[in-house]
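Working notes, structure below.
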Amino acid sequence: GKEELLTDNGVYIIQPRSEVVTARRKETALMKQVSKNSEFYGMAIENEFSYDQSPYIKTIPIKHLTPVFDYAGIMYCWQTSEGFYMCRSKGKVPSSCRYDSSRTDREKLSMDFSQLKPYYYAGLIYFADMRLLSLFKSIFGID
């Protein structure tokens, strides 16, 4: 097997998963002292890292949300009662709110929806996964 990770700065890491290495790690003096239910154990042995608990990552049902825009058929923006939700679930948006992945459309999207940046900084935009968060930050020039 393998472990996959997309970091906040957009670096995609694939690590091979070895049961032999994991078993040896579990037998070290340090690991014998760590509680199996601790956060450190999860990160060190099970490769469960804190990015999974990002405050920006959330699953929100879209049934009663309003679609706002479609970016290249891979990121859909939905209006929530408090802010916005970015996910891969399709919604019917006006043709003027559909953008492709070209540089021109990326720039147009970031200008047309420039009001999203303050929502992001206020913590009012949620994402279905880290890849969408990274894509959003790339489009809107957020470090």
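Quick note: the coordinates plus some simple rules give every number you see, no bench work behind them. Keep in mind that this is a model prediction, so the values were computed, not measured. Reconstructed Cβ throughout: ideal geometry from the backbone, glycine too, with neighbour counts over all protein chains shown.
Rounded to the nearest 20 Debye, what is the dipole magnitude of the range 70-143 about its Cα centre when Lys and Arg each give +1 and Asp and Glu each give -1 at the C-beta? Let's see the in-between values first.
Numbers: 10 positive and 8 negative charges, 33 e Å.
Using only the charged Cβ atoms, the result is roughly 160 debye.
Estimate the FRET efficiency between ILE57 and GLN115 by the formula 1/(1 + (r/R0)^6), using the beta-carbon distance for r and 25 Å for R0, to the nearest 0.05. Display every interim value, and only then the final one.
Values: r = 22 Å, r/R0 = 0.88.
Computed FRET efficiency for ILE57 and GLN115 comes out at 0.70.
In what sequence do CYS77, CYS97 fall when counting other Cβ within 10 Å, fewest first? It would help to have the intermediate numbers written out before the result.
Numbers: CYS77 24, CYS97 16.
Final ranking by Cβ density, sparse to dense: CYS97, CYS77.
Would you mind checking which residues have amide H under 5 Å from PHE140's amide H? H placed 1.01 Å from N; only 5 or more apart, or other chain.
none
Could you check the spin-label model distance between LYS108 and SER89? Points 7 Å from the Cα along Cα→Cβ, value in nm.
Using points 7 Å along Cα→Cβ, the separation is 2.7 nm.
Once you place label points 7 Å from the Cα toward the Cβ at ARG131 and ASP143, how far apart are they in nm?
Taking the simple label geometry, ARG131 and ASP143 are separated by 2.7 nm.
Quick one: order SER110, SER89 by neighbouring beta-carbon count within 10 Å, fewest to most. Walk me through the numbers before you get to the answer.
Working: SER110 17, SER89 14.
So the ranking, lowest neighbour count to highest, is SER89, SER110.
Would you mind ranking GLU19, GLU107 by Cβ crowding within 10 Å, fewest neighbours first? Don't skip to the answer; put the middle values down first.
On the way: GLU19 8, GLU107 13.
Least to most surrounded, the residues fall as GLU19, GLU107.
Quick check on packing: order 116-125, 59-68 by the mean number of other C-beta atoms within 10 Å, highest mean leading. All intermediate terms of the calculation are to be shown ahead of the outcome.
On the way: 116-125: 14.8, 59-68: 13.1.
Answer by packing, highest mean first, reads 116-125, 59-68.
So if we plug the beta-carbon distance of THR80 and ARG24 into 1/(1 + (r/R0)^6) with R0 = 41 Å, what FRET efficiency do we get, rounded to 0.05?
Numbers: r = 46 Å, r/R0 = 1.13.
The pair THR80/ARG24 has a calculated efficiency of 0.35.
Report the net charge of residues surrounding LYS92, where surrounding means a beta-carbon distance below 12 angstrom and charges are Lys +1, Arg +1, Asp -1, Glu -1. Before the final figure, lay out each step's value.
Details: positive: LYS90, ARG98; negative: ASP70.
Net charge in that neighbourhood comes out at +1.
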